[in-house]
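The values are calculated or read from the model by the stated rules, or taken from the named source; none is laboratory data. These numbers were taken from a predicted model, which means no experiment stands behind them. Neighbour counts run over all protein chains shown; Cβ positions are idealised from the backbone, glycine included. For the accessible areas, the whole protein counts, side chains as well, though only heavy atoms, and no ligand, DNA or RNA atoms are used. Shrake-Rupley method; radii C 1.70, N 1.55, O 1.52, S 1.80 Å.
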Amino acid sequence: MNKEYDVVGLGCVGVDYTTKVKTFSDKNNKIVSNNLSESEGGVTANNLVQASRLGLKTAWCGNIGNDELGKKILKNFKKENIKAFANKTGTTQQCWIIVDEKGEKEIYAFPNSSSELTPKIVDSKFKKIIERSNYFHTEASIIPLKAAIRGAEIAKKSGSKVLVDIDCDVDKLLNIAKIGTMKELEKLIILSDVVKMSESAGKSLYKNIKSVWNNKIIIMTKGSKGCVVINQGNKSTISAYKIKAVDTTGAGDAFMGGLSYTLLKGFNLKDAAKFANACGAYNCLKIGARQSGTLKQITNFMTQNKS
């Protein structure tokens, strides 16, 4: 395919407020922190940042607040060489993130405008952009599944490859966050060519949609255990890079950006997953969801570190 954009993403974007603590708080207790950092975040936006830093031509589509935070995010997209096509409405998404000394995190998300994305907005604002992509990224995370499905339908019809990132426990996404229904998630998976999922998502998907493991490229990230690649039912485990994680926030997003890069460049699946593992690991070396590396940085990291 020879289209204008290597990757177009439809998904959430927002501002992350991150604090580092010695340990997470017990119920009804209090932990005091002496640090707080602010940075941009959002699952799909983060993986586009990684893809752009690796040299791909990228574009982001979605809702963003008509506020000062939204303006700041759009300026940062420009700095990252990501073309932003924004529907401005309401208040920008915010996340509060607590990171412990092991680099593990708790995330509390306030979707705001991200949750107001609709199929109608996708059709009226983003259809022509999605059609100009070689790869289309979307998510089962924050935005409503109906909007993600509409984007995937447009991409599929135009001949784009569809990559879906299922970011966390499916039961929580559907029953607590209420981004959609199990039938809608199944429809999104059916439309996809590649599904990347967290380990918690994989467990709940296997319980609820066993057909997901058939006739798809599935990649399940498992943190320090690496990732599992499933292709047409054949399973391979790719070891993680051995690092001391500072913050695991955004590791899966960087993984997704690296995966798109390698698949677009024609890597075989095992090598693609190994490179994506390196992108995720590199992102864990500093605080913040967007610590992803350039192609040179990732290549050097792979040379200097063992998996």
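In plain terms, the chain from Glu38 to Lys22 could stretch by 3.8 nm, reckoned as 0.36 nm per residue minus the Cα-Cα distance.
Of all DSSP-defined beta bridges confined to the chain, some 35% are antiparallel rather than parallel. Think of a 1.4 Å ball rolled over the protein heavy atoms: segment 178-307 then has 46 Å² of accessible area per residue. Converting phi to 3J(HN,Hα) with the Karplus coefficients 6.51, -1.76 and 1.60 and the offset θ = phi - 60°, segment 135-151 yields 10, 10, 9, 8, 9, 10, 8, 10, 5, x, 4, 4, 5, 4, 4, 4, x Hz in sequence order, with x at every glycine or proline. Working ranking of peptides 56-68, 232-244, 248-260 by packing, defined as the average number of other Cβ atoms within 10 Å per residue, highest first, is 248-260, 56-68, 232-244. Take every Cα pair under 8 Å whose residues are at least 6 apart in sequence, average their separation, divide by the length of segment 160-242, and the relative contact order is 24 percent. Set against the 2.2 N^0.38 Å expectation for a compact globular protein, segment 1-126 has a Cα radius of gyration ratio of 1.19. Scalar couplings 3J(HN,Hα) for segment 125-134, obtained by applying the Karplus form with A = 6.51, B = -1.76, C = 1.60 to θ = phi - 60°, are 9, 10, 4, 5, 6, 4, 5, 9, 10, 6 Hz; x denotes Gly and Pro. Computed from the alpha carbon positions, the gyration tensor of segment 80-120 leads to an equivalent ellipsoid with semi-axes of 27, 15, 8 Å, biggest first. Where does the Debye-calculated log10 I(q)/I(0) of the chain sit at q = 0.06, 0.10 Å⁻¹, using only Cα point scatterers of equal weight, no solvent? Result of the Debye calculation: -0.17, -0.49. Across the options Gly226, Asn134, Ser33, the greatest Cα extent toward the positive end of the charge dipole of the chain (unit charges at beta carbon of Lys, Arg, Asp, Glu) belongs to Asn134.
With contacts taken as Cα pairs under 8 Å and at least 6 residues apart, segment 1-67 reaches a relative contact order of 48 percent.
I'd like the antiparallel share, as a percent to the nearest 5, of DSSP beta bridges with both residues in segment 153-281.
Working: 10 of 19 bridges.
That works out to approximately 55 percent antiparallel.
Taking the charge dipole of segment 66-154 about its Cα centre, with +1 at Lys and Arg Cβ atoms and -1 at Asp and Glu Cβ atoms, the residue from Thr92, Ala109, Phe77 reaching farthest to the positive side is Phe77. An ellipsoid equivalent to segment 46-103, defined through the eigenvalues of its Cα gyration tensor, has semi-axes of 21, 19, 9 Å when rounded to whole angstrom and sorted largest first. Between the alpha-carbon centres of segment 1-60 and segment 210-285 there is a gap of 17 Å.
In this rough spin-label picture, where each label sits 7 Å from Cα along the Cβ direction, the Lys120-Asn268 distance is 5.0 nm.
Averaging the sequence gap over all C-alpha pairs within less than 8 Å and six or more residues apart, then dividing by the number of residues, gives the chain a relative contact order of 18 percent.
First compute the accessible area of segment 228-269 with a 1.4 Å probe, then give the percent of it belonging to carbon and sulfur atoms.
Working: 880 of 1800 Å².
Ligands and nucleic acids excluded, carbon and sulfur reach 49 percent.
Computed over segment 206-307, the range of Cα coordinates on each principal axis works out to 38, 29, 21 Å, biggest value leading. Across segment 158-174, computed HN-Hα scalar couplings (Karplus, 6.51 cos²θ - 1.76 cosθ + 1.60, θ = phi - 60°) run 8, x, 7, 7, 9, 10, 10, 10, 9, 8, 7, 3, 5, 4, 5, 4, 7 Hz from first to last residue, x flagging Gly and Pro.
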